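Working notes, beginning with the structure itself.
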Amino acid sequence: MEILNYLKSIGKLNGGKALDVGAGHGFLAKQLALAGFEVDAVDKETVEDLGNPKIHQISQTIQDFEIKPEEYDLVIARNIFPFLPSSEIIFQMIDKLYTGLKSGGVMSFTLFGPRDDWAGKEGMTFIEFDEALVKVPGKKLKAGTEYFLGPKMNGELKNWHIHHFVIEKL
């Protein structure tokens, strides 16, 4: 997975405690556990047992999840923020997760841009890259946007417009 390779290249994949928000079926949580992390895998729906004692499944939404200050070395939230109802709530959740990072901890997350095929879909939020760049806290280690044709979870193709961020808490 690209984000794990990037984190390894900057020396931030050294174990510790990780939070995978929107963990789904646990693919990323499993990879983090293999890399030596104790993982809290948060998703609104619990899936089958992930088969690793280093992974702790938590069935909650991101809004309901209580995060302790400075608890995590790594926080990953891929493709979940766009499903929140407003940019205000998205940036509140980013700030909430950021407070859960230890000093020197890293957070990786994605946002959807307005050129995405789903733009305008009820219940979803799309954000301009420049707006996000200004509102995202911490030291930006990596920030970029991409636009591409790719598969959805069901295999159908769509145009994706995704902003990627990796930030560090100083």
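The values are calculated or read from the model by the stated rules, or taken from the named source; none is laboratory data. For clarity, every value in this text was computed on a predicted model and none was experimentally measured. Positions of Cβ are generated from backbone atoms using ideal geometry, with glycine treated the same way; all protein chains shown enter the neighbour counts. To get the accessible areas, we keep the full protein, side chains included, count just its heavy atoms, and leave off ligands, DNA and RNA. Shrake-Rupley method; radii C 1.70, N 1.55, O 1.52, S 1.80 Å.
Does Asn79 fit the bill of being surrounded by fewer than 21 Cβ atoms within 10 Å (Cβ to Cβ) and in contact with a Phe, Trp or Tyr (Cβ under 9 Å, 6 or more places away or on another chain)?
Values: surrounded by fewer than 21 Cβ atoms within 10 Å (Cβ to Cβ): yes; in contact with a Phe, Trp or Tyr (Cβ under 9 Å, 6 or more places away or on another chain): yes.
Yes; evaluated as a whole, the condition is true for this residue.
Filter the stretch 122-133 for residues that are surrounded by 13 or more Cβ atoms within 10 Å (Cβ to Cβ) and either more than 17 Å from the chain's Cα centre (by Cα) or of a type outside the set (Gly, Ala, Ser) (or both); which is nearest to Phe83 (Cα to Cα)? Spell out the reasoning first.
Pass one, the stretch 122-133, residues surrounded by 13 or more Cβ atoms within 10 Å (Cβ to Cβ): 124-129, 131-133.
Now drop any that are not either more than 17 Å from the chain's Cα centre (by Cα) or of a type outside the set (Gly, Ala, Ser) (or both), which leaves 124-129, 131, 133.
Values: Met124: 5, Thr125: 6, Phe126: 9, Ile127: 12, Glu128: 15, Phe129: 17, Glu131: 18, Leu133: 19 Å.
The residue in question is Met124.
Looking at (1) open to solvent by 30 Å² or more (accessible area, probe 1.4 Å); (2) touching a residue at least 24 places away in the same chain (Cβ under 8 Å), which one does Asp64 not meet, given that it meets all the others?
(2)
Of all the residues that make up the stretch 134-159, how many are farther than 19 Å from Val75 by Cβ and open to solvent by 30 Å² or more (accessible area, probe 1.4 Å)?
The qualifying residues number 14.
Using the structure shown, decide if Val42 is within 19 Å of Val136 (Cβ to Cβ) and either out of contact with any Lys or Arg (no Cβ under 9 Å at 6 or more places or on another chain) or at pLDDT below 95 (or both).
Details: within 19 Å of Val136 (Cβ to Cβ): no; either out of contact with any Lys or Arg (no Cβ under 9 Å at 6 or more places or on another chain) or at pLDDT below 95 (or both): yes.
When the stated conditions are applied, Val42 does not pass them.
Please work out which one of (1) open to solvent by 70 Å² or more (accessible area, probe 1.4 Å); (2) outside any strand (DSSP E or B); (3) in contact with a strand residue (DSSP E or B) (Cβ under 7 Å, 6 or more places away or on another chain) is the condition His56 fails and give its number.
Failed condition: (2).
Of the residues Ser103, Ser86, which is surrounded by fewer than 17 Cβ atoms within 10 Å (Cβ to Cβ), in contact with a Ser or Thr (Cβ under 8 Å, 6 or more places away or on another chain) and polar (S, T, N, Q)? Before the answer, list the steps.
On the way: Ser103 fails: in contact with a Ser or Thr (Cβ under 8 Å, 6 or more places away or on another chain).
The conditions single out Ser86.
Taking the stretch 132-164 as the region of interest, how many residues are farther than 20 Å from Gly120 by Cα and assigned to a strand (DSSP E or B)? Steps first, please.
Of the residues in the stretch 132-164, the ones farther than 20 Å from Gly120 by Cα are 133-144, 154-155, 164.
Going one step further and asking which of them are assigned to a strand (DSSP E or B), we end up with 139-144, 164.
Matching residues across the stretch 132-164 total 7.
Under 6 Å by Cβ, and 6 or more places apart or on different chains, what pairs join a residue from the stretch 1-17 that is surrounded by 12 or more Cβ atoms within 10 Å (Cβ to Cβ) with one that is in a helix (DSSP H, G or I)?
So the pair list comes out as Leu4/Gln31; Leu13/Leu7.
Residue by residue through the stretch 70-118, note down the ones that are assigned to a helix (DSSP H, G or I) and either of a type in the set (Ser, Thr, Tyr) or under 26 Å from Ser9 (Cβ atoms) (or both). First the steps, then the outcome.
The first filter runs over the stretch 70-118 and keeps only residues assigned to a helix (DSSP H, G or I), leaving 81-83, 87-99.
Passing the criteria: Phe81, Ser87, Ile94, Leu97, Tyr98, Thr99.
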